[in-house]
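S.K.: One structure is given below, represented as structure tokens, and several questions about it will come after.
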Amino acid sequence: MIINYGIAKSIVTEINTIINEDINFIDKNGIIIYSTDKERISTFHEAGFICVKDNIEIIVKNPNVYQGTRPGINMPVIFKNEVIGAIGVTGTGNHIVKYSSIIKKMTEILIKENYNQTIETRYREGIKYYIEGLIHGNSIDKEFDFSDKFEDLMTLAVGQNYKSHISIEYTEGIYDILNKYLYRKDCIYAVFFNEIVIYSFNMDLKIFYRQLEMVINDINSLTGYSIKFGISEPFRDIELSKYKYKEACIALNWGKLLQSSNNFYEYNNFDLEILLTSVDKESLNKYRNRVLSNIDESDFEIYKNLISTYVNNNGSIEKCSKDLFVHKNTVQYRLNKLASITNYNPRKLNDLVRLYIAFMITSNSKMIDSK
């Protein structure tokens, strides 16, 4: 293992919090990679060089004996049975020798932690590129092979923050949360700029949702984000990932547009919405304009909310008035007014369906325009 400037700096800085003396990290060639004494960085340290070469501890009392040294102690740093460098502490007091074994051990622990973190980061990035290749139909990184998992029934979940993208400053914390609830639970996952993508293998949806609920709550506590997930239909063929990703996104987008309070939106639970999403943009716009073109822009949201609330309450005027915070007579008036403007009477089932679909197309205009 080669220790670079960044690793050496973090180790020296950490050790310096324990012992208030100058600390040096020396590589195999005897060069000081980092030091609390900035003037000594990149200089040759002969005692450190011998310390690494011969795997021995060297106490320097006379700085004239070894080139580039000062009084202090230098100890070999071992990782995986190999001497990878030396840690040196400048000073002459007895406390220097007293703490030497602790400093050596702590240095080796820090190197091991850094190594594990590097491996974890590389593994995480590998999974990220692997998932990205699957959901966008790009080439797959063969180094990360999960083909054994893909023999099971799987579900694809796509989570997004409703208000903005996912800030890079929170990425590490979000991964910690995902690891806490989903690691070793037959899942692989990745955090992207604007979404979280999770493959769940052969897991009961109720259990999966419980795990996701805890993920959502912890992310909210950490970031303030309101994360919602779209869930694809279960599938077995990994080649369908691109389409299942689209399913999850469609479910998520419709959940947003319908302003539901749920945290999960299953593609299986949508029908008319899926039909509208599959129709070409030009046809949808023609239909919307035919039904709604006579409504003034200033009144549009009023009538859209009216029809949505009317449908959700199965035509109950009383329930609509409560949900809209208006008098029952106002609901009656608006329904009659909408009928006269559009020539579609919401009290008639066929006309109500046409109005509802037209307003749904309007709500879905962003998805339509992005086709």
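The values are calculated or read from the model by the stated rules, or taken from the named source; none is laboratory data. All figures in this text were calculated on a predicted structure; none of them were measured in a lab. Cβ sites come from the backbone with ideal geometry, for glycine too, and all protein chains shown count toward neighbours. The area values use the complete protein model at the heavy-atom level, side chains included, leaving out ligands, DNA and RNA. Shrake-Rupley method; radii C 1.70, N 1.55, O 1.52, S 1.80 Å.
S.K.: List the lysines whose Cα lies under 27 Å from the Cα of Lys328, skipping any in the same chain that are fewer than 8 positions away.
M.R.: Filter leaves Lys304, Lys319, Lys337, Lys348.
S.K.: Quick one: pull the percent of accessible area on the chain belonging to carbon and sulfur, 1.4 Å probe, ligands and nucleic acids left out.
M.R.: Ligands and nucleic acids excluded, carbon and sulfur reach 48 percent.
S.K.: Could I ask something else about it? Please give the charge dipole size of the chain, origin at the Cα centre, charges +1 on K and R Cβ atoms and -1 on D and E Cβ atoms. Round to the nearest 20 debye.
M.R.: Value, rounded to 20: 1000 debye.
S.K.: State log₁₀ I(q)/I(0) for the range 35-106 at q = 0.14, 0.17, 0.22 Å⁻¹ as given by the Debye formula over alpha-carbon point scatterers of equal weight, solvent excluded.
M.R.: Treating every Cα as an identical point scatterer, log10 I(q)/I(0) equals -0.40, -0.59, -1.00.
S.K.: Short version: ³J(HN,Hα) in whole Hz for each residue of the range 167-183, in order, from phi by Karplus 6.51 cos²θ - 1.76 cosθ + 1.60 (θ = phi - 60°), x for Gly and Pro, what are they?
M.R.: 5, 4, 5, 9, 4, 4, x, 5, 4, 4, 5, 4, 4, 4, 9, 10, 5
S.K.: Still on this structure, I have one more. Here are some values of percent of Cα pairs over 38 Å apart: [x] 33; [y] 47; [z] 17. Which one was computed from this structure?
M.R.: Entry [y].
S.K.: Using the structure shown, list the pairs from Lys9/Lys180; Lys9/Lys104; Lys28/Lys104; Lys242/Lys286; Lys61/Lys105 with a Cα-Cα distance above 18 Å, or answer none.
M.R.: Lys9/Lys180; Lys242/Lys286; Lys61/Lys105
S.K.: While we're on this one: Could you work out how far helix 5-16 tilts from the main Cα principal axis of the chain, as a 0 to 90 degree angle to the nearest 10?
M.R.: Between the helix axis and the principal axis of the chain, the angle is about 70 degrees.
S.K.: Residue farthest toward the positive end of the dipole of the chain, with Cβ of Lys/Arg at +1 and Asp/Glu at -1: which of Tyr183, Gly72, Gly224?
M.R.: The residue sitting farthest along the positive end of the dipole is Gly224.
S.K.: Among DSSP beta bridges lying fully in the chain, give the percent that are antiparallel, nearest 5.
M.R.: About 90 percent, rounded to the nearest 5.
S.K.: May I ask for the equivalent-ellipsoid semi-axes of the range 1-81, computed as the square root of five times each C-alpha gyration tensor eigenvalue and listed largest first in whole Å?
M.R.: 18, 16, 12
S.K.: From the phi angles alone, apply the Karplus equation (6.51, -1.76, 1.60; θ = phi - 60°) to the range 111-123 and give each ³J(HN,Hα) in whole Hz, x where the residue is Gly or Pro.
M.R.: 5, 5, 4, 5, 5, 4, 5, 5, 4, 4, 5, 5, 5
S.K.: Follow-up question, since we're still on this one. Amide H of Gly91 versus every other amide H placed in the peptide plane: which residues, excluding those fewer than 5 positions away on the same chain, fall under 5 Å?
M.R.: Here Gly72, Ile73 satisfy the definition.
S.K.: How high is the relative contact order of the chain, in percent, with contacts defined as C-alpha pairs under 8 Å that are six or more residues apart?
M.R.: The value is 10 percent.
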